[in-house]
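Undergrad: Right, I'll just put the structure down here and ask away after.
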Amino acid sequence: MSQGFSLVLPFTIFLLVLLLCFWERREAGDLGPLWLGLAAGGVAGAAALGAGRLASLAPLFSRWPWAGGALSSLLSLVVLWLLARWPRVETPLDAAWMGLAVGSGVGMVAGLGVLRGLAEPWLPMAGLTAGAVLGSLLGLRWLWPGFGGRLASGALSLGLALPWAWGWMAVFAQVGLLWVLWLLATSVVLLALALALWVEQKVLQPQLTEEVGFGLLPAWVAEAGARFWRRFSRRWASRRDERKAMVRLVVRLAACKAYLQGKGKHRSTAAVELGRLRERARRLFDETGSGLES
């Protein structure tokens, strides 16, 4: 049962990520980066299985049973570093979703390895945990603009993903308490997502509050647009497609401002897009902020 669960779990989590992203503000055509992250995570998972096989065969590597996990985490960090770029990833929460997509790819390949007797049952959940931690901590670079911030977030991501996702799980696996591993890993994934939600709010709300001061947006939008769960409220609009359009516009407006703030005003393409987004927001919201104009 645990073997089948090891394969089904990462697949289910990836479907949940797709559903949440689609239901919040994305369209089906905008989910391509998540599928790309899943495929790249699968490659990282295959590399981890290969390293683990090498560790079991070569006496030189037998002292490091976590070598496969270390390699997988390192490759996942490189993949996320390349994929988590504007405009594919707009907010810190998007980076966390991308991390879970990559982790799901690692987990699916590891799950196949479990079914074929090439991996331990805890490896798929370790891949998911590593992806969630990497993605969420890479989102910290929104709070630390510049190369130093990106370097610090990457180092912090790798430094925490390795011991949590692989080291501690390997220790608990020796004890044989598999249910403790699932509980521990689930807790870490939820904490990583909570961090991403908090960072996203810290990034988006000041940008939206400034637009409220300019008279471009209603005051309630600064609160609702910066919080993930409030973006599902029917206060935006009664129809789901209208709500998604408004939420996407507001989030992209704030994310574009944050991007320009971190990169500098010389990014002419993003600056032009920001002007277009502000013009669309001015047309969408009426003077009282009660809804859409006709």
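Undergrad: Can you go through Ala96, Ala152 and tell me which one is more than 20 Å from Ser187 (Cβ to Cβ) and either assigned by the TED database to the domain that holds Leu38 or in contact with a His (Cβ under 8 Å, 6 or more places away or on another chain) (or both)?
TA: Only one candidate qualifies: Ala152.
The rows are residues; the columns are (1) of a type in the set (S, T, N, Q); (2) at pLDDT below 75; (3) assigned to a helix (DSSP H, G or I).
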position	(1), (2), (3)
Pro87	no, no, no
Gly127	no, no, yes
Val133	no, no, yes
Leu156	no, no, yes
Pro163	no, yes, yes
Gln174	yes, yes, yes
Val188	no, no, yes
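Undergrad: Which of the residues belonging to the range 246-283 are part of a helix (DSSP H, G or I) and modelled with pLDDT under 85?
TA: If the condition is that a residue be part of a helix (DSSP H, G or I) and modelled with pLDDT under 85, then Gln261, Gly262, Lys263, Ser268, Thr269, Ala270, Ala271 are the ones that fit.
Undergrad: So which of Leu184, Leu274, Leu260 is surrounded by fewer than 20 Cβ atoms within 10 Å (Cβ to Cβ), under 30 Å from Trp122 (Cα atoms) and not acidic (Asp, Glu)? Even if it seems obvious, please write down each step before you answer.
TA: On the way: Leu274 fails: under 30 Å from Trp122 (Cα atoms); Leu260 fails: under 30 Å from Trp122 (Cα atoms).
Criteria check complete, one pass: Leu184.
Undergrad: Oh, and also: Scan the range 213-223 for residues that are open to solvent by 10 Å² or more (accessible area, probe 1.4 Å) and in a helix (DSSP H, G or I) and jot them down.
TA: Within the range 213-223, Gly213, Ala219, Trp220, Glu223 qualify.
Undergrad: Here is a follow-up. I'm trying to understand the selection: among the residues of the range 22-41, which are assigned to a helix (DSSP H, G or I) and within 20 Å of Arg234 (Cβ to Cβ)? Before the answer, list the steps.
TA: Within the range 22-41, the first condition is being assigned to a helix (DSSP H, G or I), and the residues that meet it are 22-24, 28-41.
Answer for the range 22-41, where residues must be assigned to a helix (DSSP H, G or I) and within 20 Å of Arg234 (Cβ to Cβ): Phe22, Trp23, Glu24.
Undergrad: Among the residues of the range 111-136, which ones are of a type in the set (A, V, I, L, M) and in contact with a Ser or Thr (Cβ under 7 Å, 6 or more places away or on another chain)?
TA: So the first thing to find is which residues in the range 111-136 are of a type in the set (A, V, I, L, M), and the list is 112, 114-115, 118-119, 123, 125-126, 128, 130, 132-134.
Across the range 111-136, the qualifying residues are Val114, Leu128, Ala130, Val133, Leu134.
Undergrad: Among the residues of the range 192-205, is any in contact (Cβ under 8 Å) with a residue 40 or more places away in the chain and under 15 Å from Arg283 (Cα atoms)?
TA: No; the residues of the range 192-205 include none that is in contact (Cβ under 8 Å) with a residue 40 or more places away in the chain and under 15 Å from Arg283 (Cα atoms).
The values are calculated or read from the model by the stated rules, or taken from the named source; none is laboratory data. All figures in this text were calculated on a predicted structure; none of them were measured in a lab. When we count neighbours, we look across all protein chains shown, and the Cβ atoms used for this are built from the backbone with ideal geometry, even at glycine. For accessibility, only protein heavy atoms count, side chains too; no ligands or nucleic acids. Shrake-Rupley method; radii C 1.70, N 1.55, O 1.52, S 1.80 Å.
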